[in-house]
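Here the structure comes first, spelled out in structure tokens, and everything after it is commentary.
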Amino acid sequence: QVQLVESGGGSVQPGGSLRLSCVASSMSFSIASMGWYRQAPGKQREAVAVMSRVGNTNYADSVKGRFTISRDNAKLTWYLQMDSLKPEDTAVYYCNLFATDKNNYWGQGTQVTVSS
């Protein structure tokens, strides 16, 4: 089966930056979209950034102008560059792949903590 392995989380001070990476183990299907979601303590999971198969992007209002999603198709990898981090960005971040057959695949999660 397809596995998504993500990395890049950690602890930073407000205003700092992190880059998350997600690598898919294989590709036996067509990609509809790839993206990043997060879940903070006591909160529901929310979409942070999503990129369609043709490269269109959507961002949560709370991260617009600060986060950027990108991808490397040849490496089956996508990234989330997070700049100007705020304490409210603290959450577990999950990468996601949504296939055209409607199957969803998720990474294992990586903790991002922003505090002074």
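The values are calculated or read from the model by the stated rules, or taken from the named source; none is laboratory data. Quick caveat: nothing in here was measured; it's all calculated off a predicted structure. So basically every Cβ, Gly included, is an ideal-geometry build from the backbone, and we count neighbours across all protein chains shown. Ligands, DNA and RNA are stripped out before the accessible areas are found, and what is left, the full protein with its side chains, is counted by its heavy atoms. Shrake-Rupley method; radii C 1.70, N 1.55, O 1.52, S 1.80 Å.
Side notes on the structure shown:
- Filtered residue count, the stretch 1-55, keeping only those that are over 15 Å from the mean Cα position of the chain (by Cα) and closer than 15 Å to ASP83 by Cα: 6
- Filter result for GLN3 (open to solvent by 70 Å² or more (accessible area, probe 1.4 Å), modelled with pLDDT of 95 or more and of a type in the set (S, T, N, Q)): no
- Apart from one condition, SER11 fits all of (1) at pLDDT 95 or above; (2) farther than 21 Å from SER116 by Cα; the exception is (2).
- Taken over the stretch 59-75, the residue count meeting the criterion of being farther than 20 Å from SER7 by Cα and loosely packed, with under 15 Cβ neighbours inside 10 Å is 4.
- ALA40 being touching a residue at least 12 places away in the same chain (Cβ under 8 Å) and either in contact with a Gly (Cβ under 8 Å, 6 or more places away or on another chain) or more than 19 Å from ARG66 (Cβ to Cβ) (or both): no
- Residue check, SER62 of a type in the set (S, T, N, Q), over 10 Å from the mean Cα position of the chain (by Cα) and in a helix (DSSP H, G or I): yes
- Scoring ASN56 on the criteria (1) polar (S, T, N, Q); (2) within 18 Å of SER115 (Cα to Cα); (3) exposed (fewer than 14 other Cβ atoms within 10 Å of the Cβ) leaves a single failure, condition (2).
- Residue within the stretch 24-45 that is closer than 18 Å to SER115 by Cβ, in a strand (DSSP E or B) and open to solvent by 20 Å² or more (accessible area, probe 1.4 Å) present: yes
- Looking across the stretch 76-101, the residues that are open to solvent by 30 Å² or more (accessible area, probe 1.4 Å) and either part of a strand (DSSP E or B) or without any contact (Cβ under 8 Å) to a residue 12 or more places away in the chain (or both) come down to TYR79, GLN81, VAL92, TYR94, PHE98.
- A search for C-beta distances below 8 Å between a residue of the stretch 18-33 that is at pLDDT below 90 and any residue that is small (Gly, Ala, Ser), counting only pairs 6+ apart in sequence or on different chains, returns PHE29/ALA99; SER30/ALA99; ILE31/ALA99.
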